[in-house]
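Student: This is the structure I have questions about; it appears just below.
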Amino acid sequence: MADQPVIKEYTNGEVTVIWKPDTCIHSGICLKGLSRVFDLKQRPWINMEGATSEEIVTLVRECPSKALSIKGVRFKEPDHSDREIILIPHGPMIVKGGGTVQNRKQQDVFHETVSFCRCGRSKKHPYCDGTHAKKKEE
Ligand code: SF4
Ligand code: FES
């Protein structure tokens with residue numbers, strides 16, 4: 001039988017962050033954006049007392065892979081006029097603000113933040129699956 005994906009929950013009693021480590025693409029956005037909460041050197045690595053619920057929700061919304069999400073919350077579609085594109089060195093292109101991806105076989109509409117593979121090694125092409133962060137021989 002296939003292994004069940006790991007899903008962990010962290011709560012401050014007001015909001016609950018859901019963490020799916022297998023989905024993380026190692027963008028570092030959480031670590032850089034709210035290091036008082038997201039810190040790989042601490043255990044647990046998510047400290048729900050490190051910031052307000054609002055700050056945590058705002059940061060989780062930025063997670064490009066949806067490895068982080070808020071339990072019971074579906075984020076509203078953002079205003080596309082504030083679209084932003086970020087190039088991660090040796091990693092993906094992150095697009096915030098939603099859009100449409102035209103593929104030969106399908107059309108994907110996304111409303112939040114997504115990350116596109118730039119290394120050519122993703123198994124979920126055109127989206128980044130975190131492979132860029134692994135050693136080439138793996
Ligand atoms: S993909 Fe999400 S959880 Fe993983 S490092 Fe980036 S922001 Fe953090
Ligand atoms: S850039 Fe992340 S898998 Fe290619």
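The values are calculated or read from the model by the stated rules, or taken from the named source; none is laboratory data. Keep in mind it's a predicted model, so treat the numbers as computed, not measured. So basically every Cβ, Gly included, is an ideal-geometry build from the backbone, and we count neighbours across all protein chains shown.
Student: Please work out which one of (1) buried (at least 16 other Cβ atoms within 10 Å of the Cβ); (2) more than 16 Å from TRP19 (Cβ to Cβ) is the condition THR52 fails and give its number.
Tutor: Only one criterion in (1) buried (at least 16 other Cβ atoms within 10 Å of the Cβ); (2) more than 16 Å from TRP19 (Cβ to Cβ) is unmet by THR52, namely (1).
Student: I need a count of the residues in the stretch 81-125 that are within 11 Å of ligand 2 (Cβ to nearest atom) and among the basic types (Lys, Arg).
Tutor: Qualifying residue count, the stretch 81-125: 4.
Student: Given the conditions (1) within 16 Å of ligand 2 (Cβ to nearest atom); (2) within 20 Å of THR131 (Cβ to Cβ), which single one is not true for LYS20?
Tutor: (1)
Student: Out of all the residues in the stretch 92-115, is one or more within 21 Å of GLY28 (Cβ to Cβ), modelled with pLDDT of 90 or more and in a loop (DSSP other than H, G, I, E, B)?
Tutor: So far as the stretch 92-115 goes, yes, one or more of its residues are within 21 Å of GLY28 (Cβ to Cβ), modelled with pLDDT of 90 or more and in a loop (DSSP other than H, G, I, E, B).
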